Amino acid sequence: MMARTHIAFAALMMVACSVGILQRMPQVHEVALAGAAGLLPDLDHPKSTFGRIVPYISIPIAKVFGHRGFTHSFLMVALIIWLLLTYREQQNIPVLPLVIGYFSHIIGDLLTPSGVPLLWPIRKKFSLNIFKADGPMEHFIYRGCWIGVGYFLWVALQRPGDLWIRPAHMAVSNWCVAALEQSATMLVHLLRIMA
Ligand SMILES: [Zn+2]
């Protein structure tokens, strides 16, 4: 996916999360941070936006892991979440926009034919193969993302916590509760097997 689509997609994810899940007005600095974080995984490519700014970081990463390697995996996302949560207190780091932006990049690349090694160090690449990078579909999605951002802003301005937002929020919290219950049942089952 192209850099500008990654930024637009990250911005959409951030705004959707603020309005749809957290039920609050999206903050400009959070959307900007998510957009920037949406370019971070391509630090493994010396010709990418960030790669050109810090070649002394991107060239070694590219040499060791290759493009679309470690930086495009769940393991890296987990590592980033852990690092951010560890240092959040001292540095006052806005964790959510950085994680959303970073993760949105991986989802974006997952849609293209080249795919991403989600389970790195397992080298298998996963791809939903929905559109080619820089093709007409990507241009369409790019515009769609900004329309989506506009839509969520409109929702937030028009009727905060109402109509559209409440059912989405309910659905997400119900899903979380169900997932937690399921995990607890599985854990008890596992403990019984081990006992
Ligand atoms: Zn990428």
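The values are calculated or read from the model by the stated rules, or taken from the named source; none is laboratory data. In this text the structure is predicted, and so the values were computed from the model without any measurement. Using ideal geometry, Cβ is built from the backbone for each residue, glycine included, and neighbour counts are taken over all protein chains shown. Surface areas here come from the heavy atoms of the whole protein model, side chains and all, with no ligands, DNA or RNA. Shrake-Rupley method; radii C 1.70, N 1.55, O 1.52, S 1.80 Å.
Just give me the residues in the range 124-140 being within 17 Å of Phe74 (Cα to Cα) and away from the ligand (no atom under 16 Å from the Cβ), in sequence order.
Start the filter on the range 124-140 by keeping residues that are within 17 Å of Phe74 (Cα to Cα), which leaves 124-128.
Selection gives Lys124 alone.
Of the residues making up the range 20-47, those that are aliphatic (A, V, I, L, M), more than 16 Å from the ligand (Cβ to nearest atom) and either within 21 Å of Gly108 (Cα to Cα) or modelled with pLDDT of 95 or more (or both) are Ile21, Val31, Ala32, Leu33. Annotation: of all residues in the range 33-49 being assigned to a helix (DSSP H, G or I) and open to solvent by 50 Å² or more (accessible area, probe 1.4 Å), the one that is nearest to Leu79 (Cα to Cα) is Leu40. Here Gly108 fulfils each of the conditions (1) among the small types (Gly, Ala, Ser); (2) open to solvent by less than 40 Å² (accessible area, probe 1.4 Å); (3) without any contact (Cβ under 8 Å) to a residue 12 or more places away in the chain apart from (3).
Against the criterion of being modelled with pLDDT of 90 or more, more than 12 Å from the chain's Cα centre (by Cα) and in a helix (DSSP H, G or I), Ser104 does not qualify. Considering only residues that are modelled with pLDDT of 90 or more and of a type in the set (Lys, Arg), look in the range 122-143 and name the one that is least open to solvent (accessible area, probe 1.4 Å). Ranking the candidates gives Lys125 first. Say we look at the range 111-121 and pick out the residues that are among the hydrophobic types (A, V, I, L, M, F, W, C) and open to solvent by 30 Å² or more (accessible area, probe 1.4 Å); which of these is nearest to the ligand (Cβ to nearest atom)? Here the answer is Leu111.
Please go through the range 62-101 and pick out each residue that is free of Cβ contacts under 8 Å to residues at least 12 places away in the same chain and either polar (S, T, N, Q) or not in a helix (DSSP H, G or I) (or both). Selection gives Thr86, Gln90, Gln91, Asn92, Ile93.
Considering the range 17-32, the residues that are of a type in the set (A, V, I, L, M, F, W, C) and not in a loop (DSSP other than H, G, I, E, B) include one that is surrounded by the most Cβ atoms within 10 Å (Cβ to Cβ), namely Val19. Among the numbered conditions (1) open to solvent by 10 Å² or more (accessible area, probe 1.4 Å); (2) away from the ligand (no atom under 16 Å from the Cβ), the only one that Met14 does not meet is (1). As a summary of the residue check, Ile100 satisfies the conditions (1) touching a helix residue (DSSP H, G or I) at 6+ places or on another chain (Cβ under 9 Å); (2) of a type in the set (Val, Ile, Thr); (3) away from the ligand (no atom under 16 Å from the Cβ) except for the one numbered (3).
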